[in-house]
Amino acid sequence: MADAVPDHFYRPADGHGLAHDPFNAIVAPRPIGWIGTRSVDGVRNLAPYSFFNAISYTPPLVGFSSIGTKDSVRNAQETGAFTWNLVTRALAEQMNATSTREGVDEFERAGLGPVDGDEVDAPRVAEAPVSFECRTAQVLQLLAADGSPTDSWWCTGEVVGVHIAEDLLVDGVYRTELARPVLRGGGPSAYYELGDRFDLTRPD
């Protein structure tokens with residue numbers, strides 16, 4: 001039996017004892033959920049979420065988690081719609097500019113063009129080379145292991161419309177690396193651009 005590698009062990013309930021909480025850095029790199037919504041009063045909102053991912057093929061589902069019921073979750077729940085927009089290296093600074101809690105229109109603040117969805121009543125980012133239009137499927141308050149409610153909310157959406165820039169499609173295959181997606185890393189300010197590609201063939 002192999003010996004375990006030396007490690008830094010901690011119980012999250014007791015604190016990590018490090019300069020910065022490593023949890024969300026270990027689960028990395030994480031795609032960014034750049035979520036566009038519209039309130040019931042018609043106010044646009046755009047916000048990045050690093051707890052985001054695709055979670056199902058059929059139907060295609062994506063989800064994001066929010067600490068607190070921020071505008072994105074509230075709007076998605078009340079209107080039944082949101083968009084996900086791909087953050088690329090070229091859009092990283094504008095994505096960062098939408099990380100605000102002020103009562104402003106983040107599209108205007110970041111100099112981005114809002115485009116109405118074809119299938120849902122939610123704005124998408126005109127400059128994003130890929131966008132998903134989503135109908136809200138579930139909004140759940142997350143629970144701890146003991147069943148107690150947390151202040152985090154999980155929002156799942158079914159993708160009902162997909163926009164892809166044609167130059168990202170090569171012989172009918174979406175080329176992830178051509179988009180230069182930005183991924184969230186660890187620490188308060190670390191982001192990454194997608195690295196080198198390699199291919200693996202699944203065993204029979």
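Please verify whether Val115 is surrounded by 16 or more Cβ atoms within 10 Å (Cβ to Cβ) and within 22 Å of Asp151 (Cα to Cα), treating the condition exactly as stated. Give the steps one after another, and end with the answer.
Working: surrounded by 16 or more Cβ atoms within 10 Å (Cβ to Cβ): yes; within 22 Å of Asp151 (Cα to Cα): no.
Spelling it out, it is not the case that Val115 is surrounded by 16 or more Cβ atoms within 10 Å (Cβ to Cβ) and within 22 Å of Asp151 (Cα to Cα).
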Would you check which residues across the stretch 157-177 are of a type outside the set (D, E, K, R) and either under 16 Å from Asn24 (Cα atoms) or touching a Pro at 6+ places or on another chain (Cβ under 9 Å) (or both) and list them?
Val159, Val160, Val162, His163, Ile164, Ala165, Leu168
Would you point out the residue of the stretch 97-112, among those that are within 27 Å of Leu61 (Cβ to Cβ) and either under 14 Å from the mean Cα position of the chain (by Cα) or among the polar types (S, T, N, Q) (or both), that is surrounded by the fewest Cβ atoms within 10 Å (Cβ to Cβ)?
Ser99
Of those in the stretch 176-204 that are in a strand (DSSP E or B) and of a type in the set (D, E, K, R), the residue surrounded by the most Cβ atoms within 10 Å (Cβ to Cβ) is Arg184
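Among the residues of the stretch 22-67, write down those that are under 12 Å from Gly185 (Cα atoms) and over 10 Å from the mean Cα position of the chain (by Cα). Give the derivation first.
Pass one, the stretch 22-67, residues under 12 Å from Gly185 (Cα atoms): 22-32, 50-51.
Hits for the stretch 22-67 are Pro22, Phe23, Asn24, Ala25, Ile26, Val27, Ala28, Pro29.
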Checking Asp146 against (1) closer than 20 Å to Tyr49 by Cβ; (2) out of contact with any helix residue (DSSP H, G or I) (no Cβ under 7 Å at 6 or more places or on another chain), which single condition isn't satisfied?
(1)
Name the one entry in Ala76, Ala122 that is touching a helix residue (DSSP H, G or I) at 6+ places or on another chain (Cβ under 9 Å), modelled with pLDDT of 95 or more and surrounded by 15 or more Cβ atoms within 10 Å (Cβ to Cβ).
Ala122
Subset of the stretch 163-175 [surrounded by fewer than 16 Cβ atoms within 10 Å (Cβ to Cβ), at pLDDT 90 or above and either of a type in the set (Phe, Trp, Tyr) or not in a loop (DSSP other than H, G, I, E, B) (or both)]
Ile164, Glu166, Asp167, Leu169, Val170, Tyr174
Restricting attention to the stretch 1-49, which residues are β-branched (Val, Ile, Thr), at pLDDT below 80 and not in a loop (DSSP other than H, G, I, E, B)?
Ile26
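Residue-wise test of (1) farther than 28 Å from Glu177 by Cβ; (2) in contact with a Ser or Thr (Cβ under 6 Å, 6 or more places away or on another chain).
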residue	(1), (2)
Gln77	yes, no
Leu91	no, no
Gly103	yes, no
Glu108	yes, no
Val120	yes, no
Arg135	yes, no
Thr150	yes, no
Gly157	no, yes
Gly161	no, no
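The values are calculated or read from the model by the stated rules, or taken from the named source; none is laboratory data. For clarity, every value in this text was computed on a predicted model and none was experimentally measured. Every residue, glycine among them, receives a Cβ derived from its backbone with ideal geometry; neighbour counts consider all protein chains shown.
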